[in-house]
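The values are calculated or read from the model by the stated rules, or taken from the named source; none is laboratory data. Computed from a predicted structure; not experimentally measured. Here Cβ is always computed from backbone atoms with ideal geometry, including for glycine, and neighbour counts include all displayed protein chains. Remember, those area values only see protein heavy atoms, side chains included, never the ligands or the DNA or RNA. Shrake-Rupley method; radii C 1.70, N 1.55, O 1.52, S 1.80 Å.
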Amino acid sequence: METFAWGVFPYLVLLILVGGLAWRYRYDQFGWTTRSSQLYESKLLKFASPLFHFALLAVFMGHVVGLIIPKAFTDWIGIDQHMYHMGAFYGGGLAGIALVVGLGLLIYRRRTQTAVFQATTWNDKIMYLVLATAIGVGMVATLTGDVTPTGEEHNYRETVSVWFRSLAYFQPNIEAMGEATWQFKVHVLLGLTLIAMIPFTRLVHAFSAPLHYLFRPYIVYRSRDAAPQQSHTVKGRGWDPIGTPDNKK
């Protein structure tokens, strides 16, 4: 089981993610959406959604730093283990609390708003269950995962992070992951499961960042008068008039 969990399952998840995204893009482009429920309720959503997404971004960046940057590098630049642990504990804890509150509000909204709840599929319910459990176990790992059952100190950067980086060169360090505490092991398994679910759930919208919005031209909206009126051009700051005698000179 250890060999499968830490040596096979991660690559299987990667295969499912890439293959699933390719399949959905090829056969279900119209379903590549979050199925937004803003039309049904927007007051709670406009607070809960930004809170959840910004907190998720902070948590993601914390994972990137913790998993990719080796402990030797932070030691070299003068950040010892105690300083790093305090930063991860308080910074990660604060971001995690914000993430829990944001997700809790989204689930509360989806359960209490009748129209939103009726638009919720079983696919959504399973996704929310796995997501909430992964976040919850992650909080437990952040707050309690630094001590092994025998009372010894556990540093995930010497176990989970070493294993994670070893996946990149296809020599998974199963022994390193085997020394991690159960909180981190469960959190990693739930995280991998959630990644495998992305192509088949509303989470697929994470791969649809509208970057073209940064480069598209402005859209100008004009109101339509009830009856045509003769316009009088007033020169000054603003857009130049189009299609007027002054503009044609």
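Look through ASP75, ASP124, ASP80 and report the one residue that is acidic (Asp, Glu) and under 22 Å from the mean Cα position of the chain (by Cα).
Answer to the check: ASP124.
Scan the range 108-134 for residues that are more than 27 Å from GLY145 (Cα to Cα) and either modelled with pLDDT of 95 or more or open to solvent by 30 Å² or more (accessible area, probe 1.4 Å) (or both) and the total you get is 13.
Residues in the range 101-143 that are hydroxyl-bearing (Ser, Thr, Tyr) and assigned to a helix (DSSP H, G or I): TYR108, THR112, THR114, TYR128, THR133, THR142. Checking the stated criteria, LEU103 turns out to be within 22 Å of LEU194 (Cα to Cα), in contact (Cβ under 8 Å) with a residue 40 or more places away in the chain and within 22 Å of the chain's Cα centre (by Cα). Pairs meeting the criteria (first residue in the range 129-150 and closer than 17 Å to GLY62 by Cα and of a type in the set (Asp, Glu), second residue assigned to a helix (DSSP H, G or I) and open to solvent by less than 60 Å² (accessible area, probe 1.4 Å), beta carbons under 9 Å, at least 6 apart or on different chains) are ASP146/HIS85; ASP146/TYR156. Scanning the range 144-180 for residues that are open to solvent by 40 Å² or more (accessible area, probe 1.4 Å), under 24 Å from the mean Cα position of the chain (by Cα) and at pLDDT below 85 gives no hits.
In the range 1-100, counting only helices (runs of 4 or more DSSP H) that sit wholly within it, the ones holding 3 or more residues that are hydrophobic (A, V, I, L, M, F, W, C), open to solvent by less than 60 Å² (accessible area, probe 1.4 Å) and in contact (Cβ under 8 Å) with a residue 40 or more places away in the chain span 9-27, 45-68. Going through the range 115-161 one residue at a time, which ones are β-branched (Val, Ile, Thr) and within 30 Å of SER37 (Cα to Cα)? The answer is VAL116, THR120, THR121, ILE126, VAL130, THR133, ILE135, VAL137.
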